[in-house]
Structure formats: structure tokens, C-alpha cells
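Right, one structure below, let's go through it.
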Amino acid sequence: MSTAAANPPVVHPVLAPGHTYRSVTDKISAVVLTQKTPAWWTMSIGISCMILGVFSTAVIWLLIRGVGIWGINIPIAWGFAIVNFVWWIGIGHAGTLISAILLLLRQDWRTSINRFAEAMTLFAVSCAGMFPLLHLGRIWKFYYITPYPDTMGLWPQWRSPLVWDVFAVSTYATVSFLFWYVGLIPDLATLRDRAKHVVARVVYGILAVGWRGSARHWHRYQMAYLLLAGLATPLVVSVHTVVSFDFAVGVIPGWHSTIFPPYFVAGAIFSGFAMVLTLAIPIRALYGLHDFITLRHLENMGKIMLATGLIVAYGYTVETFMAWYSDNKYEIYMSLNRFTGPYRWSYWALLACNIATPQLLWFRRIRSNVPALFVIALIVNTGMWLERFIIVITSLHRDFMPSSWGMYYPTIWDWATFIGTIGLFLFLMLLFLRFLPMISIFEMRELVHQTNERNSRGHNGASAVKESPVT
Amino acid sequence: MSESGKHKHKCPAASGRRPEATTKPTLLQDTGGDGQANGFAVTSATAGLTTSGRRYWRSLEELAASKEFQEIVEREFPAAASEWKDDKDGVSRRNFLRVMGASMALAGIGGMTGCSRPPDAKIAPYVNPPESVVPGNPQYYASAMPLGGYGRGVLVESHTGRPVKIEGNPQHPASLGASDIFMQASLLGLYDPDRSQTIEEYGQTGTLDRFLHAFDQFVRRLGKTGTTPGQIASNDDLRRLGRSNVRLRVLTETTTSPTLLNQLQVRLPAVFPKVRWHHYDPIGRDNAREGAKLAFGRDVNVVYGFDKAQRILSLDSNFLADHRAGVRYAADYIARRRLPRQASPDLTMVQAADHTSAWQSRLYVVESTPSITGTMADHRLALRHRQIEGLARILAARLGVAVPPAPGVLGDVDPAWLDALVEDLRTAPKGASLIVAGEYQPPVVHAIAHSLNTALGNAGTTVFYTDALEGNDNAGDVESLRSLLDDMDSGQVDALIILGGNPAYTAPADLEFTRRLLAFSNAASGVQKKFFSVHWSAYNDETSCNCQWHLNATHYLEEWGDVRSFDGAASIIQPLIAPLYDGKSSIELLEALAGNAHGNGYELVRDYWRNTWGVGDFETRWQASLERGVIDRSAAATFQPSLTANPAAWTATPGTAPDVNSLDLVLRPDPTIWDGQFANNGWLQELPKPHNRITWDNPILINPRTAAALGLRNDDVVSLTLGANQVMGAVFLMPGQPEYCLTATLGYGRTRAGRVGNKTDLSGGFDAYRLRTGASPWFVPGIKIQKTNARYRLASVQTQQLMEGRDLVRHGTSLSEFADPQPTKEPPELGANQDPRKFPLTLYPPVKYDGYKWGMTIDQTSCIGCNACVTACQSENNIPVVGKDQVLRERIMHWLRIDTYYSGPASLGDMADAEVYFQPVNCMQCENAPCELVCPVGATVHSSEGLNDMTYNRCIGTRYCSNNCPYKVRRFNFYQYSDQTTATYKLMHNPEVTVRSRGVMEKCTYCVQRIDRARIDAKRLLSSAAQAATAQEKAELETQARAAIGALSTACQQACPTEAIVFGDLNDAQSHAHELKYQGPFKDLDYGLLTELNTNPRTTYLPRLKNPNPRIKGT
């Protein structure tokens, strides 16, 4: 007690002191409107365009030749495409979680990261959404999976989780987009008002859909935003639950498991926050946003990663335990194969990435060490990709009939498609950073207001957080 | 000097020279009309007339790029043509132009060229369709497929004049309605676009008339040498003289064709008194022939009765895969192995009997390399090739045949094992045992088998003798070939006709056939044209390019002919289609050489049989023979040859002394591409070889322990050296292979097989013929092996061959093992007494199948792993070939596969004596199909008859169904695998089955197209029955309807020689499938794969039952 009193834990504020409405607005809108395009941005967009070129080549070749260009086979009929799909979808969870759930839970630290987390969600979902399409043997018939008015009265087969996927992912993408866009409107109006260039004024003006900032606008806006948050909240849980059904509904050992929905959702949040950190840390440094994205944000995200990482670790443990407890020879073999089979490297790497590494986050010193957090986030991103690799590949490669066991070797096109979507993601992200306010201006102004109020009432920042009023 | 005098030809590269598949699917023979094909612009032709004489001709020919023209001229003006054709330069410009002008005019008029040829016979004149032909309904014709000279009866399914499927002929003794991989795959051989499509002279396109003219010219020139100089003789005189002078040699493969033999032995000698017939077959029966001569003093043909034998010993004989009678032998052998039917009086015996059950015969196999016969054995002994003769000698001595003992000792053989074997053979009822010697073993082993069979009283009960069927001169193939080559070297041969085969590739390396043939052919192409060499074959292959002429052969589905089966029964080969590439049959060719240029195969075969049958109604008998597919009363008479030799004089064959230090190589015909003649057959190349399941290559098989001693792993490239010959191949560690004994199969390493079969960097294996010697064709003692650093990937379709303790192939030695529920084998809640078929574990009400309910049972006791079903399925269902690259990527398309598992010690090194189990796996047609649940578009759905149907045009290719299939029987078109552009393949495809496109999942359908046809037939009959006038008529029609369903069989079932696959209506208590699943002694044995997943499969399995000798330990 005394030591705690002697060394009170440093609680970083969610907004560095000294900011006014104007300084906040200036700083954020300047990135879009007045700052000279930084050299690193130009270079990065160049690189991401090149990767995008790789992606286009891979996709065009895929359309010409067929999915045979990938390493998939019988028994491993799903390869990188599905691994990447699940990985990207998982990443896409953080944005909505931050925007919606943390909004409803009145976590004001979400304010400075929600905008680009949402953008990240959108872009990740775009990347994810491409894979189920690209992996189709006959992509030109993709619409069979939707309930379109077919003259022969054929509908999708509703028992298949893939159909649920279509609805889950498209709903999620739609709601996420709306949520993001609605949140952008007041800021777009700000940009419109501040823009000097006529084109910018017109474009931002159109996008701002006539926002004038009247009280009625604000009233309706807040209601809509809250409703959308309420709508998006269950989606955070449902999307990855449905994605996990793709596997859980199957009979294959390693797939056929009831733990999958919660474990997938936790994993998704885990990887989502890892990706937010992966993006936030460099952006913060490059644009000098240390005042807005403070250590407090990074630390909180570290905590969420730790928590969800533990759930994921629980998932791994239960899977193995259940394999043993079930006394099912196929499940037992599956587990042993993960430990000792030809893909054992991936399993042990997974444990190192997803279970061992996040334990460092128990230590405040590491949580508040930005480079360490960045490295941990990257490792977790890798680990979560490996998790999906293990679920898809190692479950399929040795299932029931030893005669049909096989190996999966990704081809250059598998890698090109995967890396290509990273290029696409970066490309979109860079455009977003350059042309839209990456941090919500008006919400930051609210935050300034609250902070000032709190300060004027004589509270210090640390204790004020818990009492912050509804935004 | 003319240019043609300088022909020194070498084989051009295998590719690039072959004309593109000119696909004129001549359902009806084209009667002339060649004018168009031969037409060329007169202007371009005359533009070349700038120099003199012969140069003109060459230039013209080059301009027109066609030798056809030459032939047209020749055909129209033979006398004038000879003027410029002769090897002299002095054709005057005037003469030449006169000839040219006239013939050009003729050539330009379409159809005129046809007037000099007799109209070809139409074999299926569809102008007035026969009454029996209903469009859409297939027709079936009986014929016979020759392989290695012996015929197996086939029934060919023909759709509007196109043969699309081959089945065994139930009336033929060698097939009994079943088939093997070669019969099934011969269909692809017919439509192979790489088949030779033209006649060639030194690689230039020619015509048959041109060839015959050249031959005639050659003969006449020889006639000229017989006349005094200055004497003027007519062409006829010259021809007559020449024919009597020409030292003609005909080299054939083994043949039993009565018509062809008659031509070789009677017709040709009558025309060419100096003709001599040689024969060489890479997979002949030299050892058996010599063995018979040792034992009986004469060559005999041996026919075995496996259905009558209780104790069988095979000395390195792979009789279940014998190319003459393997199909029949498999049926006979399994007839005494499978569980007796319920109705059988043996049933009580079955239930009472245990290890020494009388209903099951017992098979001992001693072999030097794993074979499917060894796999089916109750006791298999892997022994080095060189030791088997020694073992045979010991057996002979102990069973009362006094042969000199083997030198040295048999180190590896357990004496107790040998005692038990001797005792078992001795105590078997007289005449109920059988000893079979393999062709690969030296003659002495054959002779010992003959004398043992005689001693045990088997002759006449389990082994039968007939006269040899090959009509040979009693000489061995190698001997015959060697004498031919010696004569060629010493100028004793004027003209060489190689009738089929590919001796340049298949001849033993030490005979140096290619070099000597090339020397002969190059001399043949000299100015004087002293010699003449011709190769008639289906492919323009290694031999063709070393001969002066190549003539394209017909496929057996394109020709009239005849052939005998293993027991002498003769069949007429009738064509199903006019020659696709205008080939000539061997019979027609010989007739043409004998002077009748337009001899018609149909007439020639009929003439032979008319003369043979003599009196009586020829037409009736001919028709009956065609319809039945076999000529009645034509089987050879059996007799009892007497042992003439003194076994004491049978000394040891060289190279059989035990020698632990040397490494031996045994050579075998390849299980799928045979001697190499099927190298260009994609179905057979991609057919997994038994046991190792390798495709597209021939591995060097090696015992795992020997491999460890030599530091070899799978896919390591080694060089094998014998004398000056060296080959490089990849090794494969093979459980069941004897130590220090390698095995390589023949037929690979082809250079001119075609686009599919040619050796490439990726596939095609190595040429094991380079290690073959004439003296010891099957066994190479003391081979040198050298490891290289290279690696070569072998494409095995099954990399995991251990069952991992899973209950997949159930096996046992007595029924009592299966009588009790085995809780250890299945989860308790799904034990044998709680069959999910009776207690469906589902929340939904059980689905009623009111109409038909299709199901299948596969008897693993009967399955010999011969792969016939796999090829039949491929043929029936238009299953594409994917190539080695795709096989390596684990994308093979077979809907039905033969899983092969080893049981026994877990380590490969200890698996020399591993038990092997074959398990055919097709779609299980689960009633609770996991695949159906997950398909997002309903492309795979359940039918009202319980089939798990695929709707190809609904499939979008998510592949989820395959992932969720526990049996992994679904196959995906990762690329556009089906060839939808090659015209001949379009002809080949079964019109009743969709040709799948890229991105579509496919799988076994239980041959739903056959089910539909049978159901439609039954429905039609039943609706007629409903309107029948009398009760009797009604009952008759209903019986017919039942029979239509009862006769229904899937392609795999129909092909299976051992009836291991039984398919039928499970709602019909009379059906065989129902019986196996729910009745008699079978119902407790019948089990489903992975039923604990509650898939409730419609395909179920009967266990593998063995009958081991209780006196032998470890059984």
C-alpha cells in the first residue's frame, strides 16, 4: 500500500493537456488539407501500388487458369484463400468493436482510434470478402449462392454455413460502412468548410450531405449513431461465429467443435487489436499524433489483447483436452498430428506467437513500451494467421482415411494473392489517411470540452476518466 | 546421282513431326473423293519446272508438299509413272510434261481419282438404318481383344457407330463377362490422336499403293537378277521370278490368329517360296516353352483350373495378372475363396469350419517381387529370384521327384514353413492341389512344376494340357530373333516385314537390334535398294523410324481378324468402326504383299473359316460365331502328355546359386503399361500400380532394409549398370520386396511413344530393356547400383499406407472372429448390434425409400486389386487424365480408387512380409451425407432412391463438400482437365455422361446413367404389364421388368473379374446386394466405413477372410 502510494501508477490521459477546439481541428484537418503530402506517403503508396499489381496479376491468372494455380488439392481443398479470408475477417473485428461496443460501454479512450479502426475494418472486410469469391471453381456463377429470383425456383441451400457466411459478411460490411460513413459526416462538413481548393470543397461538400451542424442535426446524428452502434454490436459477435460455423459444422476432426464460436470471436478481437496497434503506432509517429493517440490507448489495447489472447489460449487448451477426453481416435490423432506431424512447426509457432508472447503484456513496462507493443502486435498478427492455417490445413491434411492423406504446399500464386491483399489493404489505408480525417475531429473536440470541464472542476485527468459524461 | 540415294536417316525428335490429329470421324468409309486433299494449284506446280529431269519432280513435290500427287500419277499411268520413278535421271522434259499435264487434269477433277479404286465396303450403312437401331440406345457387338497374341472376348458398347465402352464377353472363356485394365483402356488406344495416321517412307507421307508399288518394283528387280542380261522379260515374268527369289522375312509378335497363321504358314510360302517367319515377343513364353520341352519333350499349352484346386503353390507366378487368362483365373481362384452363398450346402460347413475350412482354398506364393497374386496368398514368401529354383528343387525332392538338389543352402527359408507347405500339398486330396510356375522362372522350375503336378495327380483335374496355340516353329522368341538378325547381318535377307511389335525398343539389349536394323535399313535405302524393310504398327515408334517404310496399323476395333484364347477357343474379331486413320490390318497387309492389293479383311477371315469348317451351313455358323463372340467347339482338345525326361538330368540354371553378396535385379512387365505398348495410354499411365500406387513411372523397387544398407531413400536416383549398359531410375522402398533383390518394370523410357508416353524430365521412367539379355530376360544377377545425388519425384497417389490402428479393412481367418460384437472396433453406442442402418441417429424422421434403394457391397476377400474397376469407371464416366504434375499435387480424378494398406510392424524396415490389403473406395452414397449438408447451392443432393447425386451445372466449386467428405472420394476439376477439343476424344466420350468443366466437383454416381436406363426399361415394361391382356402376359412382363433391374450393374461391378463388387436394389430381398448386407452368414460380417460418424453409407464392405495353415506360426 505504501509502495503504491509512493509510486502511484502513471495513468496516461486520453488526450494530452493543452489542446483547444481549434488546435485539435487544425491538427487533424491539416493532414488532409494543408500539409504537404509527406514523402513517405508517396513512397508507400508507390510500393502498395506495386503489390496491388502483383495482386491483379495473380487474380487475372487465376481467372484464366482456374484455382488449380494454387496449392490446394484433395484432401486439402481449402488453402490460403480461406486462411486469408478468416484472418482478414478477424482483423475486421476491431473497428466495429471499438466503435460500437466501446461506445456503448462509454469508453472515451476509443475516440481517437475509432475512425481509422473502422476504416481498417472496412478495408480488411474488403480483402476478406474477395477470397470466398476468388476461391470458387466457377467464380462467374457466384450469384448462385444468393437468393436471386431464379426461373427454376432454385434457392441457396440454407443448411450450408457458406450461405450464412454470405449474409453475415455482407451485413457486417454494410453496417460497418454505414457506421463509418455516418461518423464521418460532421468531419466531412468541417473539411468542406476549411478546404481552399474548389474540387475539395465540392467533393467534401457532396460527401457531407448538407451537414450544417444545427442542433437538430446533432440530435438526429447522435440517435442514428447510437442505433447503428446497437446494430453493429451483435454483428461483432455474429460474423465470426458464423465464420466459425464453416468449420464447426464439418465432420472433420479439428473442425467439429463447439468451442469454435467464442474462440473465433475472441481470436478475431485479438487479431483486430493487434492490427490496430500495428497501424496506430506508425501513424502516430509519422503524423506526430502523440497527443491524440496516447500511451493510454496503446496500453488499453494491449490489455484487450492480453484478455482475448487468454481466451484464445483457453480455446487451444480445451481443444486438446476434449480430444483426449472424448477418447475419439481421430480427434486424438488430430491433436498429436498438430504437435508432431509435418506441420508441427506451425503449431509450436502458434503457441509461441499467440500464447507465450502476449503474456509479456502482463507487465506494465512492456505495455507502455511502444516498440515492444508494435513487435508483439506483429507477432500476434502472424500467430493468428497461423491459427487459421492450422485449422484449415492441418485438420484437412490427415483426416479419417489414411489413404487420402496429403500435404499442402502453397504456390507462388497463393503467396501473391495473400501478399497482394496486404498491398490492397495498405493502398486503401494510405488513401484514407491522405484524404479523410483519420481521427474524428468533432469527437476530439468533445473530448477537449470534457477534459477542460474536468480540469476546471479541479479533478486530475487520471480519476476523471471514470466519471466522464456521455458524449 | 539422285538425292534419294543418300538417305541416311536417323530418328527425328519424337515430337514435332507428327501431323496434327486429322480427325475425319469416318463412321462410314470414304469412297474416294481424295481429289480435294490432293489438289494443289497447277500454277505453283509448273512454276517449278525450271531445271531438267528428276530435279523437276523433286521441286514439284516440294512445291506441292505432297507425295500424294506422285501416287495419283502412278495410279493413273502406271507405265508412264515407272518411267520417271525408276532410279535413273533420264526422263525427258517432253515425256514428263505429258504425264504431268494429263494427270494434273485428272487430279484436278474431284472424284476422278476414286475411279481406279474398288469401292470400299461399308460396314454399317446407315442410309437405311437397321430396324434394331434406336437412336440413343447403345448396341453391343462381340469381338475379342488380342494381347500378347491371346484373345479375351469383349462386348463393345457402340453409340451411333462409335465404340464408347468395352466390357468382357460373358460367353468367352477368357473373360467370362469381366475385363481387365488393358481391355478397358484399349478404347482410349483406338481414339489416341497420336496413333500413326499415315504411311511413311523415310518420314515422308506415302500411300499404301505407293508402298505396294515399291515392293513390287523391289521384287521385280530381284527377278531381273535372275534373268540373263539383255533378256527382255515382261513385268509378270519378273515378278514371278522375283517372288521365287526374294528372301522375305516376316517378324511378328506372338500370334494365335488362325487366319494370320494360315497366311504365314501357307499363303505366303506359296507366293514367296523363300519366306521365313520369325517371332519375338518381349513378354512371351520362352521359359514355359523350354520347360515343357524339358518335361514332355514338346511344347504344350497349359490351362489351370483354379476353381478345382484346394492347395495352390505359385512359384513366382502372377497368375491373377496373366495377360492370357488372368481375368478367368481370378474368377476361378476367387470362386473358391469367397464366402459361399446362403443357398449353398456349404453353409453349415462355413459356420462350423475354422482354420482348415474346406470351402476356401489355400494359396502359397513364393515370389521375388510383390504381385497381386502374392497379396492374395494365405502364405507369401518373399524370396530372391535366384533362390526360387532351389526351393522348387527341395519341394520336388520331398514330394517324390528326384531332381538334383540346389547348390548351397536356402538361408532365409524357415524349415517349419517348408515342412508345413510340403505336408499340406502331400495331404491334399489327390488331384486337388496345383503348382504353378511363373514365366519369369527358368525352364527347370516349369519342368519341376509339370512333374510335381503329375506326381500329385493334378494333371487332368486342376491342370490341363493342350497343343501349343502359337503355331510356332517350337523355337524360342529370342532364338528366333537372333537368327533373323544374324541373317540380316550376313546379307541373307532381302526384305524384312516387321508385323507389329516394337523390337527396336523391346529386343534384349545384347542383341543390338536397333543398330543392326538401322544398318539393314540404310543399306535398303541405298542406290541399289538391295534390301527392303517395313514396320507395320499402330504407332510410328522406335522401330518405325529405323525402317524404310512405316505402315499404320488398324486397331483391333477397326479390323476383321481372329484370335484364340488361352484354352484355344477362337473368336472372330469384328470391327466396330471404319479405320479412323485408314490403316490396314495385318491380314490385309500380308494379302497385299502376296499380290492381292485389295484383299479385304472381312473376306479373308471368312475365306479361312469357310475352308476350315468345310461342309455345313457356313453363314449360320459365321453369324452365330459373331453373335456369341466365340466359335463353338473351337477350344483345343486337352490331353495328357507323358513325362519323357529324366529329372535327374535337370541341372542348375546358371545364376541361381545363392550369393548373399550380389545384388540382383528382376524385370517384370509393367502392371499398367505392360511391355510399353500402352505407354501412350493416359488411362493406364495414370492408373496407380498395385501396392506402391505409383503413376507415370517405373520405380526401382528395393527392400527397405537393403535400401537403408545402401543409404537410399525414396526418390533417390541410382544408376544400374550391366556391362556397357546403364540406366538411371528412382528407387522406391517397397515392403514385401526380398532383400538384395531389386525390381524394375519394362515399358518405360520411351522416346517415340507419343505425347503421353514419351520420356520427359518429369515423367516416363527409364528403359529397363537396356538391362535385358537374351539369355536371361527376366533376371539380371549381379547388377551394379550406384547412388547419384539426383532426386526424381515419383508420383504415388497414396503416401500413407498404414491404417494407423483404424478399423478400415477388417480381416480375419475365421468367421467366429466376426460373430461377436467387437466393442473395441466401434464406439459402444454403435457396436455391431446397433447398426445405424437399423437405429438411425438423427432428429429427423427416417427417410422412406419406397421405390428402389440402391446399395453396394464390396467383398474384400474377393478383391484382388487388379484395377479393372478403376479403368472401367474412367471409361464409363469420362474421367479425365490429369498428368503426373497434377498427380504429384494430389489431384488425381479417379472416382474409384483401390486403397492399399500394409499391416504388421509399424516400421517400414520390418515389412518384408507385411500383409497387404486392398480396399476399393468409391462414393459411399451416405444416407446422411456430410457433403450435402454443406453445399451452399444444392449441387449435391439426395435422390429419392438414396443416391447422392451431383448436379454439375449447379456446382460453383466451393469444394466444401470434399473437405467434409470423410472418405475423400470427391474429385475436383482444378483445371480444365477434360479434353474438349481433340475431336477423337469427343467421339470416345460416353454420350450419357456429362463431360465436366473446370471448377466443378465430381464423384462416383453408382453409374446413375445405367440406373436410369434400367429404370426406364423397367417402367416401360411395367406400364405395358398394367395394360396386358392376360394375366400370364402381365406376369411375364413383370418378370422382365424385374430382370431389367436385376441385370443392372455398375461399370466397376461389370468389369470386376471376381464379383467383388455387388450392386443392387436393397428394397428387393432377392437381390444379391440385399443378400450380402442383410442375410445369411454375411450380415454379421458386413460393415460400413466410418459408420461412427453416422453417415450411414450405402456402400458397405465384407471383411478379408484368409485361410492360413494352422501349422505355420504367426497366423
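The values are calculated or read from the model by the stated rules, or taken from the named source; none is laboratory data. The structure displayed is predicted, hence computed values, not measured ones. No Cβ is skipped: glycine too gets one built from the backbone with ideal geometry, and neighbour counts run over all protein chains shown. Heavy atoms of the whole protein, side chains included, go into the accessibility calculation; ligands, DNA and RNA do not. Shrake-Rupley method; radii C 1.70, N 1.55, O 1.52, S 1.80 Å.
Applying the criterion of being polar (S, T, N, Q) and either assigned to a helix (DSSP H, G or I) or open to solvent by less than 10 Å² (accessible area, probe 1.4 Å) (or both) to the residues of region B:935-957, the residue that is farthest from the other protein chains (Cβ to nearest Cβ) is B:ASN948. Remark: pairs (first residue in region B:261-282, free of Cβ contacts under 8 Å to residues at least 60 places away in the same chain; second residue buried (at least 20 other Cβ atoms within 10 Å of the Cβ) and in a helix (DSSP H, G or I); Cβ separation under 7 Å; 6+ apart in sequence or on different chains) = B:VAL275/B:LEU268. Against the definition (more than 22 Å from B:TYR304 (Cα to Cα) and modelled with pLDDT under 90), how does B:ALA475 come out, yes or no? The answer is yes for B:ALA475.
Does A:ARG192 qualify as being out of contact with any strand residue (DSSP E or B) (no Cβ under 8 Å at 6 or more places or on another chain), of a type in the set (D, E, K, R) and not in a loop (DSSP other than H, G, I, E, B)? Here the answer is yes, as A:ARG192 does meet what is asked. Taking the conditions (1) touching an Asp or Glu at 6+ places or on another chain (Cβ under 7 Å); (2) open to solvent by 40 Å² or more (accessible area, probe 1.4 Å); (3) not β-branched (Val, Ile, Thr) in turn, A:PRO371 satisfies each one other than (1). A:GLY458 passes every criterion in (1) open to solvent by 50 Å² or more (accessible area, probe 1.4 Å); (2) modelled with pLDDT under 85; (3) part of a helix (DSSP H, G or I) apart from (3).
Scanning region A:234-255 for residues that are open to solvent by 20 Å² or more (accessible area, probe 1.4 Å) and without any contact (Cβ under 8 Å) to a residue 12 or more places away in the chain yields A:PRO234, A:VAL251. Do we find that A:TRP413 is among the hydrophobic types (A, V, I, L, M, F, W, C), under 26 Å from the mean Cα position of the chain (by Cα) and either within 14 Å of chain B (Cβ to nearest Cβ) or within 30 Å of B:HIS691 (Cα to Cα) (or both) in this structure? Yes: the conditions hold for A:TRP413. Of all positions in region B:312-325, at least one carries a residue that is modelled with pLDDT of 90 or more, part of a helix (DSSP H, G or I), open to solvent by 20 Å² or more (accessible area, probe 1.4 Å) and out of contact with any His (no Cβ under 6 Å at 6 or more places or on another chain). Does B:SER521 satisfy being among the hydroxyl-bearing types (Ser, Thr, Tyr), part of a helix (DSSP H, G or I) and over 25 Å from the mean Cα position of the chain (by Cα)? Answer is yes for this residue.
Yes or no: region A:179-187 includes at least one residue that is over 22 Å from A:VAL31 (Cα atoms), within 14 Å of another protein chain (Cβ to nearest Cβ) and open to solvent by less than 30 Å² (accessible area, probe 1.4 Å). Looking through region A:179-187, none of the residues is over 22 Å from A:VAL31 (Cα atoms), within 14 Å of another protein chain (Cβ to nearest Cβ) and open to solvent by less than 30 Å² (accessible area, probe 1.4 Å). When every residue of region B:465-485 is checked against the conditions, at least one turns out to be in contact with an Asp or Glu (Cβ under 6 Å, 6 or more places away or on another chain) and of a type in the set (Asp, Glu). Checking A:PHE292, A:PHE260, A:PHE245, A:PHE273 one by one, the residue that is within 18 Å of the chain's Cα centre (by Cα) and not hydroxyl-bearing (Ser, Thr, Tyr) is A:PHE273 and no other. A single member of B:ALA652, B:ALA657 is open to solvent by less than 80 Å² (accessible area, probe 1.4 Å), of a type in the set (Gly, Ala, Ser), in contact (Cβ under 8 Å) with a residue 12 or more places away in the chain and under 26 Å from B:ASN301 (Cα atoms), and it is B:ALA652. Checking the stated criteria, A:ILE82 turns out to be touching a residue at least 40 places away in the same chain (Cβ under 8 Å), within 14 Å of another protein chain (Cβ to nearest Cβ) and closer than 18 Å to A:LEU136 by Cβ.
Residues checked against (1) closer than 27 Å to B:GLN919 by Cβ; (2) within 14 Å of chain A (Cβ to nearest Cβ); (3) of a type in the set (S, T, N, Q):
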| site | (1), (2), (3) |
| --- | --- |
| B:ASN758 | no, no, yes |
| B:THR773 | no, no, yes |
| B:VAL780 | no, no, no |
| B:GLN798 | yes, yes, yes |
| B:MET803 | yes, yes, no |
| B:SER814 | yes, no, yes |
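The single condition among (1) modelled with pLDDT under 90; (2) more than 14 Å from every other protein chain (Cβ to nearest Cβ) that B:GLY1088 does not satisfy is (2).
Would it be correct to say that B:PRO920 is touching an Asp or Glu at 6+ places or on another chain (Cβ under 8 Å) and either at pLDDT 90 or above or open to solvent by less than 10 Å² (accessible area, probe 1.4 Å) (or both)? Against the criterion (touching an Asp or Glu at 6+ places or on another chain (Cβ under 8 Å) and either at pLDDT 90 or above or open to solvent by less than 10 Å² (accessible area, probe 1.4 Å) (or both)), B:PRO920 qualifies.
For region A:384-429, name all the residues that are within 19 Å of A:THR57 (Cβ to Cβ), free of Cβ contacts under 8 Å to residues at least 40 places away in the same chain and surrounded by 23 or more Cβ atoms within 10 Å (Cβ to Cβ). None - no residue of region A:384-429 is within 19 Å of A:THR57 (Cβ to Cβ), free of Cβ contacts under 8 Å to residues at least 40 places away in the same chain and surrounded by 23 or more Cβ atoms within 10 Å (Cβ to Cβ), so the list stays empty.
As a summary of the residue check, A:LEU105 satisfies the conditions (1) within 14 Å of another protein chain (Cβ to nearest Cβ); (2) free of Cβ contacts under 8 Å to residues at least 12 places away in the same chain except for the one numbered (1). Residues that are at negative phi, more than 10 Å from chain B (Cβ to nearest Cβ) and surrounded by fewer than 24 Cβ atoms within 10 Å (Cβ to Cβ) are absent from region A:90-100.
Restricting B:GLU817, B:GLU829, B:GLU804 to residues that are among the acidic types (Asp, Glu), at pLDDT 50 or above and assigned to a helix (DSSP H, G or I) narrows the list to B:GLU817. For region A:166-177, the criterion of being open to solvent by 20 Å² or more (accessible area, probe 1.4 Å), within 14 Å of chain B (Cβ to nearest Cβ), assigned to a helix (DSSP H, G or I) and not hydrophobic (A, V, I, L, M, F, W, C) is satisfied by at least one residue. Scanning region A:144-167 for any residue that is closer than 30 Å to A:ASN114 by Cβ and among the β-branched types (Val, Ile, Thr) turns up at least one such residue. Here B:ALA449 passes the criteria (1) under 20 Å from B:PRO641 (Cα atoms); (2) open to solvent by 20 Å² or more (accessible area, probe 1.4 Å) except the one numbered (2).
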